[in-house]
Amino acid sequence: MENDAGSPSVGGSYPQKNAEILSSQYGINLFLAGLLLTFAWAVHAVGISKSHLLSYLITLMLIQLLWMLWYLCRSCTQRRLIRDKDTHAGARWLKCGITLFAVITLILDSFKIGYYIDFSNCLSPTEGVFPVTHAVHTILQVYFLWCHAKDIIQSFKTLERFGVIHSVFTNLLLWTNGVLTESKHQLNEHKERLITLGFGNITVVLDDHAPQCNCTTTTLCSIFSQGIYYLYPFNIEYHILASTMLYVLWKNIGRKVEHHQQHKTPFKFHGITVGMIFGLMVLTSTIAIVVVYLIQIGGSKVKSELALTMFYLHAIFVLALMCTAGIVALLIYRLEDRSLDNSKNPARKLDAELLVGTAAGSWLLSWGSILAIICAQAHPKYTWYNLPYSVLVIIEKYIQNLFIIESIHREQEKVNDDIKTLRIVTISRGSTLSLTPSYKEIYNGRAARDSGEVPCPFKGSICGRDNGGGAKEEMSPENSLVMHSASDFSFYSRNSVTNNKRRILKNIAAFLFLCNLSLWIPPAFGCRPEYDNGLEEIVFGFEPWIIVVNLAMPFSIFYRMHSAASLFEVNCKT
């Protein structure tokens, strides 16, 4: 094992580069094996049951638990050593977010345990062991990320690379399993809804993995089975967040960082009232729309069409507002002249790549809907609203990605010392006395000493520099006061304009943050018009379109949550 400090860049030395390549290939093969096993269970492959899949996942979680315990024990023995930290990784708000999702995931595990107890007569023992192992894995992993997400590992680097990448792909497989389970549940409901919309030519064959025995307590079984699917969206977000944080930890292994002061950027509600009010209005209306949609869809053809029309109109209005806000923010950036921070930062690079990569899921669905509307022979009235909706989804993500990526790459504006200085000025007999000199006065005084001038702590006193003949150049108190006042007026005018721009940008970031949370809610909790309007199934065929939706929808859902997290960071940074 290597104990050297590492090279200047990630994987700079030949052995470390090999370790990085080997560990990444190990993780990919681990993931592909689990992915194939998951697919085999989903299509009811001969000889593959759910117990085989769960046994594989349990084994991966146990290996990760052993590695995390080893890392934590080793960290405790080296507690007094000073370690490098990546100040950009593992932000406090991100840790709080993953903790919230983890708590809900623990509730999900308790529901699964209760479900197993009620159906224990016909369920495999692995279905009882899995939620218990998963709960222990969740608790220890959240503790690990809270304590060590910022670590830059410089010892046992080869072993740590394999341990961290194993954790990354274990979480990705748990995410895949959650997505598949939740998608199968949504698909069953979707097939039943299509019948109410009059699409009788679509063959409906329900994919049922329900236990083949009776429940011991009917009421509890109903609560557990329904509650599990409402909690899955939080479990899915938990695992994808955990995998991204662990990936940044993996990229930081052996990395050299410059030791410079990191400015803290706490979140403040002051100055973002307008953005919060409009964002909360969007959030409240979205929750109401989702509730009505889930009640109405599938009830009858008329109710289903009204639910779809209501959803599209609301989404079109919200997306139009978000596009407008994003354009205003980009115009403000064009008016400013601030340099970009191009320093190496794995966390920031991953954020930008995830934004563009996961947006592709929504773009794929939107272009599929646009093509279906163009090519379809019959167009029910509600399907025409899908056209502006799909176009706005593409444009809004394009604009928002530009805004977020530029925001996280802009250098943080430093607060001018003139603003922080308390200046007490008294005027007596035409002279100005500054009891507390400002930064500019101190700086100019130092420059004056360098050039032979004598700094003036009192504005009315005679100060100057020696001329060639030894005479002193004097400035009257009246001229000094006039020049000082004009300079202050110019400075505070510029500062006022800058503050107004920052206030507008903070309100836009707050508004977009709440809008992205709002747009995460509908697909996460079953409000998915891509499933329910039926037009795409007619054009592309039922099975091909469902495959496209099931592949793209998880990325679309994750995009909204990741955008909300990035916009929260933008709001703190602005």
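The values are calculated or read from the model by the stated rules, or taken from the named source; none is laboratory data. Computed from a predicted model, the values in this text were never measured in an experiment. With ideal geometry, Cβ positions are generated from the backbone for all residues, glycine too; neighbour counts draw on all protein chains shown. Calculation scope for accessible area: heavy atoms of the full protein, side chains included, ligands and nucleic acids excluded. Shrake-Rupley method; radii C 1.70, N 1.55, O 1.52, S 1.80 Å.
Residues are listed down the side, and each one gets a yes or a no for (1) modelled with pLDDT under 90; (2) of a type outside the set (D, E, K, R); (3) in the same structural domain as residue 560 (by the TED database); (4) over 31 Å from the mean Cα position of the chain (by Cα):
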{"position": "374", "(1), (2), (3), (4)": "yes, yes, yes, yes"}
{"position": "379", "(1), (2), (3), (4)": "yes, yes, yes, yes"}
{"position": "384", "(1), (2), (3), (4)": "yes, yes, yes, yes"}
{"position": "404", "(1), (2), (3), (4)": "no, yes, yes, no"}
{"position": "417", "(1), (2), (3), (4)": "yes, no, no, yes"}
{"position": "420", "(1), (2), (3), (4)": "yes, no, no, yes"}
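If I filter the range 249-270 for residues that are surrounded by 14 or more Cβ atoms within 10 Å (Cβ to Cβ), part of a helix (DSSP H, G or I) and at pLDDT below 85, do I get at least one hit? For the range 249-270, residues surrounded by 14 or more Cβ atoms within 10 Å (Cβ to Cβ), part of a helix (DSSP H, G or I) and at pLDDT below 85: present.
Can you confirm whether residue 541 is open to solvent by 10 Å² or more (accessible area, probe 1.4 Å) and at positive phi? Taking the combined requirement at face value, the residue satisfies it.
Looking only at the range 146-168, how many residues end up being closer than 29 Å to residue 50 by Cβ and either surrounded by fewer than 19 Cβ atoms within 10 Å (Cβ to Cβ) or touching a Gly at 6+ places or on another chain (Cβ under 7 Å) (or both)?
First, pick out the residues of the range 146-168 that are closer than 29 Å to residue 50 by Cβ: 162-168.
From what's left, either surrounded by fewer than 19 Cβ atoms within 10 Å (Cβ to Cβ) or touching a Gly at 6+ places or on another chain (Cβ under 7 Å) (or both): 162, 165-166, 168.
Matching residues across the range 146-168 total 4.
On the stretch given as the range 383-409, residues that are buried (at least 21 other Cβ atoms within 10 Å of the Cβ) and over 30 Å from residue 351 (Cβ atoms) total 2.
Considered as a group, the residues in the range 126-139 that are touching a residue at least 24 places away in the same chain (Cβ under 8 Å) and open to solvent by 30 Å² or more (accessible area, probe 1.4 Å) include one that is farthest from residue 19 (Cα to Cα), and that residue is 127. Scanning the range 75-103 for residues that are more than 19 Å from residue 157 (Cα to Cα), of a type in the set (S, T, N, Q) and either open to solvent by 70 Å² or more (accessible area, probe 1.4 Å) or modelled with pLDDT of 70 or more (or both) yields one hit, 99.
From the residues in the range 546-574 that are aromatic (Phe, Trp, Tyr) and crowded, with 22+ Cβ neighbours inside 10 Å, which one is modelled with the lowest pLDDT? Walk me through it before giving the result.
Filtering the range 546-574 down to residues aromatic (Phe, Trp, Tyr) leaves 555, 558-559, 568.
Among the residues that remain, those that are also crowded, with 22+ Cβ neighbours inside 10 Å are: 558-559.
Details: 558: 86, 559: 90.
Filtering first and then ranking leaves 558.
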